[in-house]
1. Looking at Phe391, Phe379, Phe395, which is the one that is within 20 Å of Ser535 (Cβ to Cβ) and crowded, with 16+ Cβ neighbours inside 10 Å?
2. Find all pairs meeting these conditions: Cβ atoms under 7 angstrom apart; at least six residues apart or on different chains; first residue within the range 78-89 and free of Cβ contacts under 8 Å to residues at least 24 places away in the same chain; second residue exposed (fewer than 11 other Cβ atoms within 10 Å of the Cβ).
3. Hey, can you tell me all the residues within the range 474-487 that are open to solvent by less than 50 Å² (accessible area, probe 1.4 Å) and within 24 Å of Gln454 (Cβ to Cβ)?
4. Select, from Arg505, Arg570, the only residue that is modelled with pLDDT under 90, over 43 Å from the mean Cα position of the chain (by Cα) and in a helix (DSSP H, G or I).
5. Condition first: within 24 Å of Glu526 (Cα to Cα), within 40 Å of the chain's Cα centre (by Cα) and surrounded by fewer than 22 Cβ atoms within 10 Å (Cβ to Cβ). Now tell me which residues in the range 398-412 satisfy that.
6. From the list Val429, Val440, exactly one residue is among the hydrophobic types (A, V, I, L, M, F, W, C) and closer than 27 Å to His565 by Cα. Which is it?
7. Please indicate, with yes or no, whether at least one residue in the range 440-448 is outside any strand (DSSP E or B), within 22 Å of Tyr555 (Cα to Cα) and over 29 Å from the mean Cα position of the chain (by Cα).
8. Test each condition in (1) surrounded by fewer than 16 Cβ atoms within 10 Å (Cβ to Cβ); (2) under 15 Å from Asp533 (Cβ atoms); (3) not hydroxyl-bearing (Ser, Thr, Tyr) for Leu419 and report the one that comes out false.
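The values are calculated or read from the model by the stated rules, or taken from the named source; none is laboratory data. Treat the numbers as computed from the prediction; the structure is a model and nothing was measured. When we count neighbours, we look across all protein chains shown, and the Cβ atoms used for this are built from the backbone with ideal geometry, even at glycine. All accessible areas refer to the heavy atoms of the entire protein, side chains included, with ligands and DNA or RNA removed. Shrake-Rupley method; radii C 1.70, N 1.55, O 1.52, S 1.80 Å.
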Amino acid sequence: MLKIASPKRIVQALRNLRLDYLRQIFGFSFRHYPKLYWCLALMIISVMFEALAMNAFIPLSEIAAGKPPSQSNIVIQILSLLQLKSSSPKYIFLAFIVIFAFRIILQILGERMLMLITENLMPASLISQGLENVLCHTSIAEIERKSIGYYTSLSSEQVGRACNTVATVVRFSSFVVLISLYYYTIAIYSPITAIGVILFLGVSGVISFGILRKVHRLGVALTESSREGSSLFIDALNAVRSIRAFVAEEYVTKRFRIHAYIHKRHVFLIGFFSLLGKLFPMLLLVITFGLFILIGAQLSGAAFNYAFAVTLLIFLMRFFMAIGEAVNVFVKIVSDTKAGQDISEIITTRDNALVSKQTNTTIAITAPIRSLELRNISFAYTEEQPILKQFSMTFEAGKSYAIMGESGAGKSTLLDIILKFQEPSSGNVLLNGSLSLAAVEEKSVRQHIVLLGQETIIFNDTVRNNIEYGFQASEEVLRNAASLAAVEAIIDSLPEGYNTVLQYRGTNLSGGQRQRIGIARALLREPDVLVLDESMSALDPATKDVILKNILTAYRDKMVIFVSHDAAIRECVDVVIELRKLANLAEGEMQASIVPGV
């Protein structure tokens, strides 16, 4: 239900909109696309031409009333300057046509340029920057905290809405100029009407404020429903086998249909209230002006000046149409506030990360890693549930390790700390005895320490690109990595060998084949420290033995760390580390038992 708002509530609601994101979005837009200044200039000049053209109706109304046209009128002055008959209705009307044609041409040029930037160039730039932000500048913990729908909506709908906000604000600026010019003309033509317009706008503005509040709430709900729907859709695609296995197709489809309906309902309501905000003032104007004409003609003893009234009505209708368009644009800005805030988060996170990188000096690893020491490492996601406590361990080059333990003992957390995916609550990690991991660039860490997880992500790309994965290597190095991973024969048997395009998620490969592609991807980089987290779980025993021997032979002078429950791996490594849950330890008991490999 829409309510009439008090001035205090209006001010508070405007503060709650938190439109500071507009400054960030516009800063990005005009910095990267200076042609937006041209768009704004063309659209402002265009509306100035409209106001100029509409001034032709004033001398036409004067001529229709049997009066000579006022020489102070700007259109009459232009005709006089061109030495044309300024009192001729034909020339005045021709001036209107020519000036308004220029208005349309400039509007087309400004609109087309604006659409090119905000509908094509800006979305591509923002999506790319968003992906860069997630991959380079957002912590793993932050990524995992948010839903997949949050990120997919940032790459599609919300980016479009944020770019549209830039376009609508540019249009809004031109409408403000047009409204000001029309009001100035009305004030010159009929000062009493100008006063009435101010009062009318004040009353209708207070009444219409409830629409803006409603639209803002709907805009937030629209963003949330978009995220939820995107998450459901992607989860359904990724889990199609599980959905069919549990005969849950109808359940999943029903859930998605409900969210899709809610989302489209929000879209409809925003459109409805936008239209209401645009047309409501116009409706009131027509009714009020109609009553004014009827009552004025009835009460006036003299002949009613219909030419004056019609001209005034034309100006008022154009004025309120501009008001309606401006309201419509403002309503869209309000509805897209949430999308804009999320997009501005992309921009500010990246900028903050770049500033932090400039102010916080980190260094690159220049020498091979020969030792990796974890000294009194503690970590907890919450204070009530610590994962690691005063854990110490030294890994040395030339040795292989197996980290084993029950689920929840901290194996994955330990790897996250080594890779700088997580920062320890206390303690330190030292490289080569003295270099603190905290002082090293994250990119440099992962160039020297490579982690391969249990699930190998296969991309819809060639086998070569799936193994290289952005790493430039010679043909010899590529084939050597594939040979060590025991996948070379499989690749050679494919229709186009290394140029064969693999399907989405590697569905044209078996689980073991996907894992071998992943192992080749890790070995190709020849890291100082190779970490394999359950990376051979899908391999048959014979293939696993071959790959284990290949890795331990090729990396006999480096550091290899396995995370696994596999007894075969325990028998191959030099050192076995048994992690236990803190909750299961008696006071004073060590957290990890370190035993030599068999």
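1. Phe395
2. none
3. Residues satisfying the conditions are Leu478, Ala481, Ala482, Leu484, Ala485, Ala486, Val487.
4. Among Arg505, Arg570, only Arg570 is modelled with pLDDT under 90, over 43 Å from the mean Cα position of the chain (by Cα) and in a helix (DSSP H, G or I).
5. Lys411, Ser412
6. Just one listed residue meets the conditions, Val429.
7. The answer is yes; a qualifying residue exists.
8. Of the numbered conditions (1) surrounded by fewer than 16 Cβ atoms within 10 Å (Cβ to Cβ); (2) under 15 Å from Asp533 (Cβ atoms); (3) not hydroxyl-bearing (Ser, Thr, Tyr), the odd one out for Leu419 is (1).
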